[in-house]
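Worksheet: the structure to be examined is printed underneath.
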Amino acid sequence: MIRLNDLKISYRLGTRTIDAVDGVTLTIPDNCVVGIAGESGSGKSTLMKAIYGDIQSPMYLSRGSIDYGLKGADGSPVTAENVRKEWFKTISYIPQSSMNSLNPVIRIREQFIDFPGTDSNKKRVLERARDYIGKLGLPAEAMDSYPHQLSGGMRQRMMIALATFFQPELIIADEPTTALDVVVQKDILMLLMELQEKMGNTILVVSHDMGVHYQVTHKMLIMYAGRVVEYGDTDSVFADPQHPYTKMLIDSLPTIGDDSMRGVMASQAGAGGDRAYRVEPNLIEVKPGHFVAQPARQKEEVLA
Amino acid sequence: MGVLAYVAKRFGLYLAVLFIGLTITFMLPRLMPINPVDGYIGQIQSRANGTLTPEAIAEMRANLEVLYGLQGDIFTQYLSYLKRVIIDFDFGPSFTYYPTEVSTMIVTALPWTLGLLLTSTVIAWLLGNMVGLVAGYFHKQKAASILEFIGILLYPIPYYILAVSVLLILAYIFPIFPLSPTFPVGEMTWPKVGMIIYNSLLPAITLVLAGFGWNILSMKALAVATTEEPYVTYARLKGASNWTRMTRYVFRNALLPQVTALALSLGMIFNGALLTEIIFSYPGIGLIMRTASTGGDYNVLYGAITLSILAVATAGLVIDLIYPLLDPRIRTK
């Protein structure tokens, strides 16, 4: 269980500071896939970086704390101070740009063993990794190839293999399927979900694609302007969105054969130009496990 | 494509470049509206006040044409030129140092030039790349900009000013090195080798300093760009150490264009030799070329130009053969 306590993360820009994430208080349960949605600049990536423990200048934690509630490889609890030592052991990361996240001039097997997580016995790690990628639908030779010899889907499979190989407790996937075509996208997501079910760990999936969220996540976290606007079970959020921003995101999902979308999109585009919601930091539990940022009576209020 | 096919293709290209280069060096002087034999005979005749008989002139013409390889039509000349240059490496005798063969002069001077310039170019490249890599990899830290400053300081100084300044400082003001170097001849012994190295150090230092700056700046720029690549960020998020990321990720990728630069500068070695060897009276190809160009010693110039063509083409071949080893993406194409 990961607890975020009143998290405020800022960027220093000369004499100015920008609060990218402001007052986020959340509990992420174990064994659960959490989808994170929100427009660009809403603070998704900053929040993910903070949870991953990759806080470096100009970004800094100006308030709050993260309780990981995880145990590291050596049995000691993971804290914000030692989380970097647990990278790719207890906490992993799947990058967005799988196409160029692998070093183009070095064989993939070398990239499987060039970080501290694999320090113990590189030969054995490599042997096990060969077996492991086989289970993920990759040929064993893929280990000995260079990144350019693999297709986009294979490369992303490789990233998932790297991220899941050490059975981490927490995986952060930053738009893991954005660069892939729809068919491969589905395969990759299915693979990720299958692995999650086996490992019983927690995965945070950042995506702009509400369809992806609906298919794979157990819980949804909607962010807007550095704050959480809605957080709850995916079914509940999709069936009964409380916040107008969430509604708009869900309405943007196209339905086959639905001509009315054209009109909806146009009206949203018109409203979207000067759209701005007031988001309060305090979440209100409207249903068990379903939190919304502002009282229901305010939810229709849209500041122009 | 197999390795053999690749090498064969590159080697074929190499031969073609050499062939074209040699052909151009053959054709260019012959496009000039002067016939050297006519000119020479005219000179002699004017000295003899026109007393030469037509028979004597015809005989002299025949002799000169044989001597210069000018008998027969242009195609025959071309074939005999190719035969001489490629098979015998024969450029005829030097005019100034008659009857010394040009090939002998070149073979004597070549080890000196290669020894000095190859070593200093490679050292400048290695040092410059190391400094540039550190400067580029840590570009967000202030201390790294000092390293870049070295490059910015050294790079724009023209070589002749740099060389003369170093000569002034290290040989005249602080006489650590000899002002005019002496190089022993004859059989090599260890003391002689030491003496040669001692006497070559000063020109070597100037060459390293001159090449160093450019390499720092170039590597720094490449390394900065490479540190922003997603694969370097991903390596950092994997927890890979700074050393791993700097060497295996940034350096290995930024290296590729720098290898091209190294090979090209090795090909241009004889251009650099000219100035260095004049300033430091170093007995290499550059000194020979200079004497030849002031004395109108065509054969020696021919030889030196051919050598330059050979050097540039060979450098190109070496890049082509090394590159696939460094960049796997080229291997499969």
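Summary of values
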quantity: Residue selected from the range B:127-155 under the condition at pLDDT below 90 and of a type in the set (Gly, Ala, Ser), by the criterion farthest from B:PHE212 (Cα to Cα); calculated: B:ALA143
quantity: Number of the exception - A:ALA173 against (1) hydrophobic (A, V, I, L, M, F, W, C); (2) under 20 Å from A:TYR52 (Cα atoms); (3) free of Cβ contacts under 8 Å to residues at least 24 places away in the same chain; calculated: (3)
quantity: Output for the range B:284-306, where each listed residue is surrounded by fewer than 18 Cβ atoms within 10 Å (Cβ to Cβ) and farther than 23 Å from B:TYR40 by Cα; calculated: B:ARG290
quantity: Test for A:ASN100: is it within 14 Å of chain B (Cβ to nearest Cβ), farther than 30 Å from A:PRO29 by Cβ and under 22 Å from the mean Cα position of the chain (by Cα); calculated: yes
quantity: Boolean, B:TYR302 is in a helix (DSSP H, G or I) and within 14 Å of chain A (Cβ to nearest Cβ); calculated: no
quantity: Helices (runs of 4 or more DSSP H) (entirely within the range B:174-271) containing at least 3 residues that are more than 14 Å from chain A (Cβ to nearest Cβ); calculated: B:190-227, B:252-267
quantity: Within the range A:139-164, tally of residues that are within 11 Å of chain B (Cβ to nearest Cβ) and under 17 Å from the mean Cα position of the chain (by Cα); calculated: 3
quantity: Qualifying residue in the range A:146-155 (condition: under 26 Å from A:THR46 (Cα atoms), without any contact (Cβ under 8 Å) to a residue 60 or more places away in the chain and crowded, with 19+ Cβ neighbours inside 10 Å); calculated: yes
quantity: Residue list for the range A:112-138, restricted to those being assigned to a loop (DSSP other than H, G, I, E, B) and farther than 20 Å from A:ARG84 by Cβ; calculated: A:ASN121, A:LEU136, A:GLY137, A:LEU138
quantity: Criterion (at pLDDT below 85 and β-branched (Val, Ile, Thr)) met by exactly one of A:THR178, A:THR202; calculated: A:THR178
quantity: Among (1) within 15 Å of A:PHE165 (Cα to Cα); (2) in contact (Cβ under 8 Å) with a residue 12 or more places away in the chain - the single one A:LYS122 does not satisfy; calculated: (2)
quantity: Flag if B:THR276 is surrounded by fewer than 20 Cβ atoms within 10 Å (Cβ to Cβ), away from every other protein chain (no Cβ under 12 Å), within 21 Å of the chain's Cα centre (by Cα) and not basic (Lys, Arg); calculated: no
quantity: Subset of the range B:31-62 (residues that are surrounded by 13 or more Cβ atoms within 10 Å (Cβ to Cβ) and of a type in the set (D, E, K, R)); calculated: B:ARG61
quantity: Residue list for the range A:210-224, restricted to those being buried (at least 18 other Cβ atoms within 10 Å of the Cβ) and part of a loop (DSSP other than H, G, I, E, B); calculated: A:THR217
quantity: Residues of the range B:313-333 classified as without any contact (Cβ under 8 Å) to a residue 60 or more places away in the chain and more than 14 Å from chain A (Cβ to nearest Cβ), total; calculated: 2
quantity: Which numbered condition A:ASN82 misses (of (1) in contact (Cβ under 8 Å) with a residue 24 or more places away in the chain; (2) within 14 Å of another protein chain (Cβ to nearest Cβ)); calculated: (1)
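Condition check ((1) touching a helix residue (DSSP H, G or I) at 6+ places or on another chain (Cβ under 6 Å); (2) surrounded by 11 or more Cβ atoms within 10 Å (Cβ to Cβ); (3) under 24 Å from B:GLY272 (Cα atoms); (4) in contact (Cβ under 8 Å) with a residue 40 or more places away in the chain) across all residues:
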residue	(1), (2), (3), (4)
B:PRO158	no, no, yes, no
B:SER165	no, yes, yes, no
B:PHE177	yes, yes, yes, no
B:SER180	no, no, yes, yes
B:PRO191	no, no, no, no
B:ASN199	no, yes, yes, no
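The values are calculated or read from the model by the stated rules, or taken from the named source; none is laboratory data. If you're wondering where the values come from, they're calculated on a predicted model, not measured in any experiment. As a convention, Cβ positions derive from the backbone with ideal geometry for all residues, glycine included, and neighbour counts pool all protein chains shown.
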